[in-house]
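The values are calculated or read from the model by the stated rules, or taken from the named source; none is laboratory data. Since the model is a prediction, treat every value here as computed from it, not as a measurement. All Cβ positions, glycine included, derive from the backbone under ideal geometry; neighbour counts span all protein chains shown. What goes into the accessible areas is simple: the full protein's heavy atoms, side chains included, and nothing from ligands, DNA or RNA. Shrake-Rupley method; radii C 1.70, N 1.55, O 1.52, S 1.80 Å.
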Amino acid sequence: MGKVYKSRNVVKRLQDENAPGEPTLRLGEEFPWFEGSTGIVNCLADVGNPESVYHWMIGGQKQMQNKSLLQIKPLSKAHNGQEIKCSVNNDFTLRNNITLQPALLKLDVEYFPEIEFERFPVYVVEGENTSITCNTRGNPLPYTQWFINGIEMTQPQLTESVLYLTDINRLDQERNYTCTATSNSSKYDILTSNRDLIIGVFYNTSVTEVTVLNGSTFSENLTAILRCQVTGNPLPNVTWYFLSNETKQILQRQHRIVESSYTINTTNCMHTGIYECATENTVHGTKVMNSKQTELKVTCSPRLDIRYMEIPARVTTEIGNDLNLTVFLVAYPLPVIRWVFSKTISSTYVTRTVSTYTSTLYISNIKSRDFGIYTMHANNANGDLFIQVSVSKKGIPIAPVHINVICKTNSLHVLWMSEFNGGREQTFFVEYWISLQPNNKSRSGPVMDLGESTSIIYDIKGLLPRTNYSVRILASNANGISVSEKVECLTDLERQPEISNTID
């Protein structure tokens, strides 16, 4: 095999190749560095041949830079404590499998302290105790302490401080709770961070005030505004009630408020009474309720309380029975109430609320002389009320006087108005006959009474056309029968079927 000859230049170049020196690191600015600035690191090594190549890693992550100068910008707190590594090689070290020891350096990056709370925001029930831990971190390590309204509450402690609160009050949530972390930097002076804590105190709802604006007494036809102020956390629901006639009527409901108003646009006598503002919320799983009342007075003359059945104008009874006559009234101010027959007689009345009254006249062992007209008179500064009641012995009913008969070809349509039943349950019968045959009367079955002054309808069928009929109404009860006046009616002429003149 022939010999291989190299040129003198190649031989000399191979003889001159060598490895670079082991690298060292030099900082552009001495540690510590500061977050947000730029860090500069020089990787120094004796020059090798061929040219040296530099390899950088930060925190185990390879960097794209392959020169001896590395810039880190911007610096962050994440860089603190990370290791920088600079490695150097060239073609000579690669061919000869030579590995140089890399240069290492741990970064020291200072930054303002960071603050974290173990819980945020903090919620607590009034009267309970709690503690809140403030955790801090930073470089340099920070000292931590609590302030309330600017007043120091704890001594500085390294990286953690616990604030203890006892017998917590709702007013405590109005205070300013601040955790302060302070680091003493040898280069950048004192580094301080603050963070405020929000504390929410749950407490039972209550009504603090309920009032009627512009006074509690009004004339009729005015506007009245009732206002209720409440407290509670969570915010409560508010309900307005009207207390009257031993009942509790819901007027208005509102949710999650601290002030509520109820407006009566046009006052009248029926608005007089007790108004209640009730509030409720739920604290720690328990429903809490509270209420207060206020009174509204609307001046008015005596009048009947329409929420009750009105006393009848006519009352019947038997001799020897007892009788109660009761009237329900509304009035303000207090009326004078009396019953009059032939003279003023004794009665009783009961005040149900500030403006509602019940007046009762009691008559025992009624005699014939007790029958007649009784008048109740109620009077106050705003006017008078007179109610008359006729008391009579039970008897036969009053026969209908308002009768209307509509005649058709083969039927009659009979309408009448029920009169007083004589004090006993009554039944009606309809009698009818051909007017020229008065001894040949027909009578309907019983027709039920629907109450005094109500209309009753009855149809009579199967009659003859073009015939004059007479009709009367019988009113019957256990005491006897009364008969109305007769009403006459001529049935229509029967229509003949039309004959067609069309020839097929």
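Some notes on this structure:
- When residues in the stretch 76-116 are screened for being buried (at least 17 other Cβ atoms within 10 Å of the Cβ) and part of a strand (DSSP E or B), 14 of them pass.
- Only residues that are among the small types (Gly, Ala, Ser), exposed (fewer than 15 other Cβ atoms within 10 Å of the Cβ) and part of a loop (DSSP other than H, G, I, E, B) were counted in the stretch 416-450, giving 1.
- Matching option when the condition is crowded, with 16+ Cβ neighbours inside 10 Å and at pLDDT 95 or above, among 206, 131: 206
- Evaluation of residue 366 against (1) in a loop (DSSP other than H, G, I, E, B); (2) under 30 Å from residue 465 (Cα atoms) (one fails), failing number: (2)
- Matching residues, the stretch 179-195, being basic (Lys, Arg) and over 52 Å from the mean Cα position of the chain (by Cα): 187
- Checking 207, 201, 238 one by one, the residue that is closer than 27 Å to residue 149 by Cα and outside any loop (DSSP other than H, G, I, E, B) is 201 and no other.
- Exactly one residue out of 481, 456, 473 is at pLDDT 95 or above, assigned to a strand (DSSP E or B) and open to solvent by 60 Å² or more (accessible area, probe 1.4 Å): that is 481.
- Only residues that are β-branched (Val, Ile, Thr) and under 23 Å from residue 189 (Cα atoms) were counted across the stretch 96-129, and they come to 2.
- Condition check for residue 456: more than 59 Å from the chain's Cα centre (by Cα) and among the hydrophobic types (A, V, I, L, M, F, W, C): no
- Residues (buried (at least 17 other Cβ atoms within 10 Å of the Cβ) and touching a residue at least 60 places away in the same chain (Cβ under 8 Å)) located in the stretch 353-381: 355, 356, 378, 380
- Criterion: surrounded by fewer than 13 Cβ atoms within 10 Å (Cβ to Cβ), at pLDDT 95 or above and in a strand (DSSP E or B) - qualifying residue of 190, 225: 190
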